[in-house]
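Comments concern the structure below.
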Amino acid sequence: MAPFRPCRFMHSCCSPAEKPQKFNKIHRDSFPENFAFGVSTSAYQVEGAVSTDGRSMSIWDSFSHVRGNIYDNSTGDVTCDHYHRYKEDIQLMVALGIDAYRLSISWSRILPDNTGRVNQAGAAFYNSIINELLHHGIEPYVTLYHWDMPQYLENDPQVKGWRTRKIITHYVYFATTCFRLFGDRVKNWITVNEILNIAVSGYGTGTRAPGRCSVISGTQKRVYIGDSATEPYLVAHNVLLSHAAAVKLYREQFQLFAV
């Protein structure tokens, strides 16, 4: 792969007239030797194919299909169609000359129901992406959870999504499954993306999935479901406990083999 030139990536972001002169003075040597230049996405934002090859619904599928939750009423049903066009997308990454790509794994594509069975088609999809990235010299950085809780766990009266500690067992099982499926090639893992948005936007203001809040949030809703005074705190706590459990598991059972 050709050496990466940061100014080439930066030049693509603005017109020549808008380009700050300092960009012309930035070179690879301006950064630490092990600095990784990369791009990132999340599963629901780019994959599409929400009902393809055994994937089940996530809370974002449900949330985005409620009219008024999204400003223009768009959904993630198709988006960039990364599920079918990932090779083209990776070619764009190659053209940019990046070192790393941070993607997230759709929990409901890997574990589409509460039986614990792995959806082999979903696993094959992520294996294909990881292998394609490595083939082109791009390091995969994988986020386990980027806001897309499976709807069956949100609906489960015992689990209630992130609102009870019962989610910890489910999250650790999902993390273990991903470590086993992809850990021979993926050496960089992110447990959870932006806990603040999960807890506050999802369960406090109700402006993001699963859209739970109460009238004290100030958010205008036709129907209020949730408790903005307590749920954000419970959710944040349970997410942190899940994060800690997954990190402990990885360090004890998988990190030794991540060479």
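The values are calculated or read from the model by the stated rules, or taken from the named source; none is laboratory data. Note that this is a predicted model, so its numbers are computed, not measured. Cβ: placed from backbone, ideal geometry, glycine included. Neighbour counts: every protein chain shown. Only protein heavy atoms, including side chains, enter the accessible area calculation; ligands, DNA and RNA are left aside. Shrake-Rupley method; radii C 1.70, N 1.55, O 1.52, S 1.80 Å.
Brief remarks on what is shown
- Solvent-accessible area, 1.4 Å probe, carbon plus sulfur percent, for region 28-151: 53 percent
- The relative contact order of the chain comes to 17 percent, based on Cα pairs under 8 Å that sit 6 or more residues apart.
- Diffusion coefficient (Stokes-Einstein, Kirkwood radius over C-alpha pairs, 37 °C, 0.692 mPa s) for the chain: 165 µm²/s, rounded to a whole number.
- Of all aspartates and glutamates in the structure, those lying under 12 Å Cα to Cα from LYS87, and not within fewer than 8 positions of it along the same chain, are GLU132.
- Helix 82-96 axis, angle to the chain major axis (alpha carbon atoms, nearest 10°): 30 degrees
- Accessible surface calculations at 1.4 Å, restricted to protein heavy atoms, place region 82-133 at 37 Å² per residue.
- Ordering VAL159, SER104, TYR86 by Cα displacement along the dipole of region 56-164 toward the positive end leaves VAL159 in first place; charges were set at the Cβ atoms of Lys, Arg (+1) and Asp, Glu (-1).
- Computed with the Debye formula from one identical point scatterer per Cα of region 42-91, without solvent, the log10 of I(q)/I(0) at q = 0.13 Å⁻¹ comes to -0.31.
- Note on the chain: with a GNM built from Cα contacts shorter than 10 Å, the maximum mean-square fluctuation among SER106, SER228, SER30 falls on SER30.
- Rg over Rh, two decimals, region 142-259 (C-alpha only, Kirkwood Rh): 1.04
- Summing Cβ point charges (Lys, Arg +1; Asp, Glu -1) relative to the Cα centre of the chain gives a dipole of roughly 400 debye.
- Within a Gaussian network of the chain (alpha carbon springs, distance under 10 Å), most fluctuating of PRO210, PRO32, PRO140: PRO32
- Remark: relative contact order (region 99-164) = 42 percent; criterion is Cα-Cα distance under 8 angstrom and separation of 6 or more residues.
- Gaussian network model of the chain, springs between alpha carbon atoms under 10 Å - residue of LEU240, LEU144, LEU92 with greatest fluctuation: LEU92
- Listed by chain and number, the aspartates and glutamates whose alpha-carbon sits under 12 Å from that of LYS166, ignoring those within fewer than 8 places in the same chain, are GLU154, ASP156.
- Each of ALA229 and ARG85 was given a label point 7 Å from its Cα along the Cα-to-Cβ line. The distance between the two points is 4.8 nm.
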